[in-house]
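K.L.:
Here you go, one structure.
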Amino acid sequence: MLRRITAGGEMEGADSDARLPSRLARLLSALFYGTCSFLIVLVNKALLTTYGFPSPIFLGIGQMAATIMILYVSKLKKIIHFPDFDKKIPVKLFPLPLLYVGNHISGLSSTRKLSLPMFTVLRKFTIPLTLILEAIILGNQYSRNIILSVFAIILGAFIAAGSDLSFNLEGYIFVFLNDIFTAANGVYTKQKMDPKELGKYGVLFYNACFMIIPTLIISVSTGDLQQATEFSQWKNVLFIIQFLLSCLLGFLLMYSTVLCSYYNSALTTAVVGAIKNVSVAYIGMLVGGDYIFSILNFIGLNICMAGGLRYSFLTLSSQLKPKEPVDEESVPLDLKS
């Protein structure tokens, strides 16, 4: 209101102050997403590899169930708001539910099949896929420096993957599917996250609601559910704690992904994932026990990480420039003129 009744220098000062929360929200949402993404990879890797949990689909169901319960209780307590169900919601969401479950299943399956360093390198193909989809669907354009950084990421990934001594074809297929689903999910989420329609909480809630039953059917038909119920570690308190932690982190990851895309873009979300992957890859060389060292593989990893950091710097720094269009619908119109 102050901006509308003051004039001259006072209006400019208010405009400048109004931009600060926007920049802070962008940075904090990116940091939140990076932290959640980092933690869930480590926890899922421990569950699926260290403990040998055989049911990645069942783990995804647990994460969907946690999302539904947390959001529904929060809506009942009036902590958050999203619209009640009506017959138009499935049309508004499509194809997000399909992308959502595909992202879940392929991500958990690839985590189990690949070493952490190779998983994080191959996940970088999400970045060029996001670039392409944002150019096609949202009409975005990118500078030569960003394109060169993407080329470095891809070059490093090819070198590392080509010399991977623990090659696993099934793991590679799952991780490339995960890249496709992640890129498409990020771009379409950004497109459909209109606060006048479903909003970010509605997108999360109805995605999980629509896909939990089909995913449960897939789990039963593939024997995934039976393997989960027969798993021998259910009496292990540490395993149960990590399983519940994974379910909670699954919700936080989905929420932080939507939040980061809401305040920034699908591209920035992919960039933050690249920054996070630097830490995960090098930690994976020391823990996990499934990384096989080779000089060429190590060189490829470092080229990939350097390209990712350069790409991250270019994208995040450009977003902090005043000339960058503001993505938040809540920003007053006088800030956009």
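The values are calculated or read from the model by the stated rules, or taken from the named source; none is laboratory data. What you see is a predicted model; the values in this text were computed from it and never measured. Note that each Cβ is placed from the backbone with ideal geometry, even for glycine, and that neighbours are counted across all protein chains shown. The accessibility values were calculated without ligands, DNA or RNA, using every heavy atom of the protein model including side chains. Shrake-Rupley method; radii C 1.70, N 1.55, O 1.52, S 1.80 Å.
K.L.:
Identify all residues within the stretch 226-239 that are over 15 Å from GLN63 (Cβ atoms) and open to solvent by less than 70 Å² (accessible area, probe 1.4 Å); write none if there are none.
P.N.:
Result: PHE231, GLN233, ASN236, PHE239.
K.L.:
Give me a count of the residues in the stretch 16-42 that are modelled with pLDDT under 50 and crowded, with 16+ Cβ neighbours inside 10 Å.
P.N.:
Count: 1.
K.L.:
Can you run down the residue pairs with Cβ atoms below 6 Å, 6 or more apart or on separate chains, where the first is in the stretch 240-254 and in contact (Cβ under 8 Å) with a residue 60 or more places away in the chain and the partner is assigned to a helix (DSSP H, G or I) and open to solvent by 50 Å² or more (accessible area, probe 1.4 Å)?
P.N.:
LEU249/LEU39; PHE251/ILE70
K.L.:
A follow-up question, please. Quick one: in the stretch 58-103, which of the residues that are within 30 Å of TRP234 (Cβ to Cβ) and at pLDDT below 85 is most open to solvent (accessible area, probe 1.4 Å)?
P.N.:
In this case the residue turns out to be ASN103.
K.L.:
Take TYR291 and decide whether it is over 12 Å from the mean Cα position of the chain (by Cα), at pLDDT below 75 and of a type in the set (Ser, Thr, Tyr).
P.N.:
Considered against the rule, which asks whether it is over 12 Å from the mean Cα position of the chain (by Cα), at pLDDT below 75 and of a type in the set (Ser, Thr, Tyr), TYR291 comes out as yes.
K.L.:
Are there any pairs with C-beta distances below 7 angstrom linking a residue in the stretch 214-231 that is over 17 Å from GLY102 (Cα atoms) and touching a residue at least 40 places away in the same chain (Cβ under 8 Å) to a residue that is among the polar types (S, T, N, Q) and open to solvent by 20 Å² or more (accessible area, probe 1.4 Å), with the two at least 6 apart or on different chains, and if so which?
P.N.:
Nothing qualifies.
K.L.:
Can you report the number of residues in the stretch 205-227 which are at pLDDT 85 or above and within 16 Å of THR257 (Cα to Cα)?
P.N.:
The qualifying residues number 3.
K.L.:
Another one. Taking the conditions exactly as written (open to solvent by less than 20 Å² (accessible area, probe 1.4 Å), of a type outside the set (Asp, Glu), out of contact with any strand residue (DSSP E or B) (no Cβ under 9 Å at 6 or more places or on another chain) and modelled with pLDDT under 70), does VAL258 satisfy them or not?
P.N.:
no
K.L.:
How many residues, within the stretch 124-153, are under 20 Å from the mean Cα position of the chain (by Cα), crowded, with 17+ Cβ neighbours inside 10 Å and touching a residue at least 40 places away in the same chain (Cβ under 8 Å)?
P.N.:
11
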